[in-house]
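J.: Input: one structure, supplied below.
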Amino acid sequence: MSLISIEFLCFCLVLVLLFYLIKGPYQWIILLVASIAFYCFCGPKYIVYILVTATTVYFTARGIEGFSKKRDAYLADHKETLGREEKKAYKADIKSRQKRLLFLCILLNVGILATLKYLDFGIAYFNYYRLMLTGNTNLVLQPMLILPLGISFYTFQSLGYVIDVYYGKVKAERQYFRFLLFVSFFPQIIQGPISRFADLEPQLFTPKRFETERIKSGLYRILFGLFKKLVIADRLSAYVTRTAAFREDYKGIYLLLCIFFYAFQIYGDFSGGIDVAIGTAELFGIRLTDNFERPFFSKSIAEYWRRWHITLGTWFRDYIFYPLSVNKRVLNLGKWCRSHLGEGVGKRVPIYLPMIAVWALTGMWHGSESKYIVWGLCNCFFLILGTEAEPFSARIMEKLHLRNDMFVMKCYRIFKTFWLMSFLRVFDFVKTPRDGFCMIRDAFIKWDTFDWHEVYTTLLFPKEEVIVAFVAIILLTVVSLIQRKGRIADRLLKKSPWIQYSTLAAFALLILIFGSYGLGYDAQSFIYMNF
Amino acid sequence: MEELREILEGIHPEVDYDSETGLIDRRIFDSFDVITLVGELMDHFDVEITAEQMVPDHFNSMQAIWSLLEELMEE
């Protein structure tokens, strides 16, 4: 069942009704049953994977907390008899047991994810290189594994929780089924956001009363998400798919247009899906973490990545980047570099090495093909370049009497960041990294060959579609600009009911008229669902 | 505390560390700055800062960082 379907709409309607009829402390059970039912609707045989993750993480967290309690009790009982060093040694022993438990849990769950995601890819590579190097034509059969729905998202969310328990940031959940709801909460299962236990848990289990304002706010969010997905993303995908398929026949502005459209397609698709997820959760009084903060208005790549897929970025920062950066081995390597290669290199090593690892992993998270790793490392390269070039660009700006807070400079930086990130996105829809680099190169040649007529006819993207696409992109940009000063939904809720309901109706009408759905369209697949 | 102030001013000299309480929350320090700071703190104060201590509350103000350092130096 897709988030964008009549079935999902009916599912939510029934659920909202039940949820507010039941009232009180048992509302979460409705959400749990609904989440499991939703998962089963999407593919019942894959439920075993999510149950394995939930169960192993649940027991690991309980085990880790058990060790902490044991340690505290032992230290309290032997407060007087144990010396400082003995206490330290005991704490270290418990910590190492907890670490082993955590390691096993991570290994198991990352192992499941990696096997499902990369086994086919690994076998394909193995077959290819064996054929090339030895001429052996006996192919190892690929099991053609299918990824269970949302596995990357729920695995990361669950591992984030168990690491937080290990760090002592949150307490382990005692009730298994409550924890299962945290892992499987249906609005976010398809493509996030990746929630933190400390944020989501209290909301899931607090009894909610029916509030019209909250329902309206949720509906605004859902409709805006549908607008992004159906009017923008699915419309633009037609042009992007065809141009990418005939990439070698098109150069210059055709490709620039494709790259520009893809930037909005992926944004509309992903953030639209997230809006639907957040809006749906809001119908049940649950506010999920925002995953986007108007990323196309970022003035640097670093800022862009703080505003795009925020929950994945902060996940990698907290659970990969920071632990690697403060890891003793990495710090010692930094010290070694400082004494052998100079202060500058030594200072950078503990930052850049984890960064390269994080970006390689981010790339791998997006997919098993090598193009995703190239994409991740390209992002890392430009981030490092941006940091290293900062003193140089500051000197140039000083000479030219320019300041970063000048309007013209802000526009230039936004323009530069937008196009750089859009060019890097090319790796998403090409087959190989080489194709990606070729496409970027080809976008800068033969600009004079562009003809709108070709777009309307051969590329099957009629004039009306082009106009609607551009108007929708402008509308999205305007809305994003307005949202600088806060959520539009919050402001609308302060207006008269007449304005509120007309806006809802207008948005619904806009989607019905201009949305890309029906025969020939596939609104079911979100791009990030495959990640 | 003065040594800490010097380290902080080496990273972001423009910040008023006496009054600022949102170094992380207001995104004055990004993850680069935090890692640079942690490296400097570990070197200067001979303490070990682990991943579990990498939470915004510990780095939002000079006072918070100092409290973390005091706690670590006591251990």
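J.: Multiplying the sequence separation of A:F437 and A:R84 by 0.36 nm and subtracting their Cα-Cα distance, what value in nm do you get?
T.: Fully extending the segment from A:F437 to A:R84 adds 121.1 nm.
J.: Determine the principal axes of the Cα atoms in segment A:6-210, then give the extent along each, sorted from largest to smallest and rounded to whole angstroms.
T.: Taking max minus min along each principal axis of the Cα atoms, segment A:6-210 gives 71, 59, 21 Å.
J.: Computing the accessible area with a 1.4 Å probe over protein heavy atoms, can you report the carbon and sulfur percentage for the protein assembly as shown?
T.: Carbon-and-sulfur percentage of accessible area, whole number: 63.
J.: Let me ask something else. Hey, what D do you get for segment B:2-74 in µm²/s if you plug the Kirkwood alpha-carbon radius into Stokes-Einstein at 25 °C and 0.890 mPa s?
T.: Diffusion coefficient, whole number: 203 µm²/s.
J.: Let me know the mean shielding of A:313-325 by other chains, meaning the per-residue number of their Cβ atoms within 10 Å of its Cβ.
T.: So the per-residue partner count for this stretch is 3.
J.: Additional query: How much FRET efficiency would the formula 1/(1 + (r/R0)^6) give for A:R491 and A:T212, where r is the Cβ-Cβ distance and R0 is 25 Å, rounded to 0.05?
T.: 0.90
J.: In this model, which of A:K228/A:K463; A:K45/A:K117; A:K117/A:K416 are farther than 23 Å apart at the alpha-carbon?
T.: A:K117/A:K416
J.: Give the residue list of chymotrypsin sites (Phe, Trp or Tyr not before Pro) in segment A:437-469 that are DSSP loop and have at most 15 other beta-carbon atoms within 10 angstrom.
T.: Hits after loop and neighbour filter: A:F444.
J.: Multiplying the sequence separation of A:I29 and A:E398 by 0.36 nm and subtracting their Cα-Cα distance, what value in nm do you get?
T.: Net length gain for the segment: 126.7 nm.
J.: How large is the accessible surface per residue of chain A, computed with a 1.4 Å probe and reported in Å² as a whole number?
T.: Result: 49 Å² of accessible area for each residue.
J.: Per DSSP H run of at least 4 residues, take -39500 (n - 2.57); add these up for chain A, divide by its residues and hand me the 222 nm value, nearest 500 deg cm²/dmol.
T.: Value at 222 nm, helices only: -24000 deg cm²/dmol.
J.: Within straight cross-link reach of A:K399, meaning Cα distance under 16 Å, which aspartates and glutamates are found once same-chain residues fewer than 8 apart are removed?
T.: Within reach: A:E390.
J.: Can you tell me the dipole magnitude for chain A around its Cα centre, using point charges on the Cβ only (Lys, Arg +1; Asp, Glu -1), in Debye to the nearest 20?
T.: 1740 debye
J.: Could you give the length gained on full extension between A:F41 and A:L361, defined as 0.36 nm per residue of separation minus the Cα-Cα distance, in nm?
T.: Separation in residues times 0.36 nm, less the Cα-Cα distance, equals 112.1 nm.
J.: Something else: Among the complete DSSP H segments of chain A, which ones combine at least 30 Å of alpha-carbon extent along their axis with a mean Kyte-Doolittle hydropathy of -0.5 or more?
T.: Membrane-span-like by this rule: A:47-77, A:84-134, A:253-283, A:343-366, A:370-399, A:407-429.
J.: In the structure displayed, which of A:K70/A:K171; A:K299/A:K485; A:K70/A:K99; A:K88/A:K335 lie more than 24 Å apart, Cα to Cα?
T.: Those over the limit are A:K88/A:K335.
J.: When averaged across all projection directions, what area in nm² does the alpha-carbon convex hull of chain A cover?
T.: Directional mean of the projected Cα hull area for chain A stands at 32.4 nm².
J.: To continue, here is another question. Determine the calculated [θ] at 222 nm for chain B from helices alone, applying -39500 (n - 2.57) to every DSSP H run no shorter than 4 residues and normalising by the residue count; nearest 500 deg cm²/dmol.
T.: Calculated at 222 nm, the ellipticity per residue is -16500 deg cm²/dmol.
J.: Summing +1 for each Lys or Arg and -1 for each Asp or Glu, what net charge is found among the other residues whose Cβ lies under 13 Å from the Cβ of A:P497?
T.: Charge balance in the 13 Å sphere: +2.
The values are calculated or read from the model by the stated rules, or taken from the named source; none is laboratory data. These numbers were taken from a predicted model, which means no experiment stands behind them. Methodologically, a virtual Cβ is constructed for each residue, glycine included, from the backbone with ideal geometry; neighbour enumeration extends over all protein chains shown. What goes into the accessible areas is simple: the full protein's heavy atoms, side chains included, and nothing from ligands, DNA or RNA. Shrake-Rupley method; radii C 1.70, N 1.55, O 1.52, S 1.80 Å.
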